[in-house]
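Read the structure below first, then the notes.
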Amino acid sequence: MDSSAPPSLSLVSILSLLACSGQLLAAVLLTRRYCGRSSTQDWWILLWLFYDVIVHLTLEGPFVYLSLVGTVEASDGPLAELWKEYGKADSRWLVSDPTIVSIEILTVVLDSLLALLLIHAVLKDKYYRHFLQITLSVCELYGGWMTFCPDWLLGSPHLNTSSLLYLWVYLVFFNGVWVLVPGLLLLQSWFSLRSLHMLRVDQSKAAKRQ
């Protein structure tokens, strides 16, 4: 781990955080536009799903492209600068690390598709909603595990925790959200499927009494 002096909040840091806030605002607007008469619980789920898709396509998608044609470290442009800023916390993102790029390709392609299908399933109350919700959540959790576990096993040589910004905002918060929310979605699917099962059992018992 880097033991250099903690950096101050730079202009790039501020602009990067504002860009992330803009993505959240876009997700809110999309949710308000398409949510319709969905329940409060589904409103929050749709907000997360829209945000999830936006981040995967507009942030991680360009990272995959930059990493396949070169490296973030050698690239120029606003998105390259954003990823260079994050790379100060985890240097693997600067150098086209094969494990990171492999996970991100799967995330951008598969997770984005699953999230879009799940948005449709929630809005239209489709029978396959919880199958998609469980699959997407497991994919997100697995992606997070495979992003950090290999580095932890090596003693975290690529992680820079010398700064509160790098540790708690870049590493813990931005990655922790993709652990917390998928975990909550798994719980929501568990309770929803449990309720459906209990309803079917009750209906079966009622039919036998007739």
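Could you tell me whether residue 147 is part of a helix (DSSP H, G or I), of a type outside the set (Gly, Ala, Ser) and open to solvent by less than 60 Å² (accessible area, probe 1.4 Å)? Here the answer is yes, as residue 147 does meet what is asked. If you go through the stretch 28-43 one residue at a time, do you hit one that is surrounded by 20 or more Cβ atoms within 10 Å (Cβ to Cβ) and out of contact with any Leu (no Cβ under 9 Å at 6 or more places or on another chain)? No, the conditions are met nowhere in the stretch 28-43. Filtering the stretch 154-210 to residues that are under 29 Å from residue 126 (Cα atoms) and β-branched (Val, Ile, Thr) leaves 177, 179, 181, 201. Per the listing 189, 195, the residue uniquely within 24 Å of residue 45 (Cα to Cα) and either surrounded by 14 or more Cβ atoms within 10 Å (Cβ to Cβ) or of a type in the set (Lys, Arg) (or both) is 189. Considering only residues that are touching a helix residue (DSSP H, G or I) at 6+ places or on another chain (Cβ under 6 Å) and free of Cβ contacts under 8 Å to residues at least 60 places away in the same chain, which ones fall in the stretch 81-98? Within the stretch 81-98, 83, 87, 93, 94, 96 meet the criteria. For residue 185, are the conditions met, namely being assigned to a helix (DSSP H, G or I), more than 19 Å from residue 100 (Cα to Cα) and under 12 Å from the mean Cα position of the chain (by Cα)? Against the criterion (assigned to a helix (DSSP H, G or I), more than 19 Å from residue 100 (Cα to Cα) and under 12 Å from the mean Cα position of the chain (by Cα)), residue 185 does not qualify. Check the stretch 93-111 and report whether any residue there is on the phi > 0 side of the Ramachandran plot and either open to solvent by less than 40 Å² (accessible area, probe 1.4 Å) or of a type in the set (Val, Ile, Thr) (or both). Yes: the stretch 93-111 contains one or more residues that are on the phi > 0 side of the Ramachandran plot and either open to solvent by less than 40 Å² (accessible area, probe 1.4 Å) or of a type in the set (Val, Ile, Thr) (or both).
For the stretch 25-47, filtering for residues that are among the hydroxyl-bearing types (Ser, Thr, Tyr), outside any loop (DSSP other than H, G, I, E, B) and either touching a residue at least 12 places away in the same chain (Cβ under 8 Å) or closer than 16 Å to residue 130 by Cβ (or both) leaves 2.
Selection within the stretch 155-185: residues that are within 19 Å of residue 53 (Cβ to Cβ) and among the hydrophobic types (A, V, I, L, M, F, W, C). The member of this set that is surrounded by the fewest Cβ atoms within 10 Å (Cβ to Cβ) is 180. Cβ-Cβ distances below 7 Å connect the following pairs, each with a first residue in the stretch 58-75 that is outside any loop (DSSP other than H, G, I, E, B), a second residue that is open to solvent by 20 Å² or more (accessible area, probe 1.4 Å) and of a type in the set (A, V, I, L, M, F, W, C), and a separation of six or more residues or different chains: 60/108; 61/108; 62/79; 64/105; 64/108.
Checked against the criteria, residue 50 does not count as without any contact (Cβ under 8 Å) to a residue 60 or more places away in the chain, in a helix (DSSP H, G or I), within 18 Å of the chain's Cα centre (by Cα) and crowded, with 19+ Cβ neighbours inside 10 Å. Among the residues of the stretch 16-36, those that are over 20 Å from the mean Cα position of the chain (by Cα) and modelled with pLDDT of 85 or more comprise 32, 33, 34, 35.
The values are calculated or read from the model by the stated rules, or taken from the named source; none is laboratory data. These figures come from a predicted structure and were not determined experimentally. Every residue, glycine among them, receives a Cβ derived from its backbone with ideal geometry; neighbour counts consider all protein chains shown. Areas reflect the complete protein model, heavy atoms only, side chains present, ligands, DNA and RNA absent. Shrake-Rupley method; radii C 1.70, N 1.55, O 1.52, S 1.80 Å.
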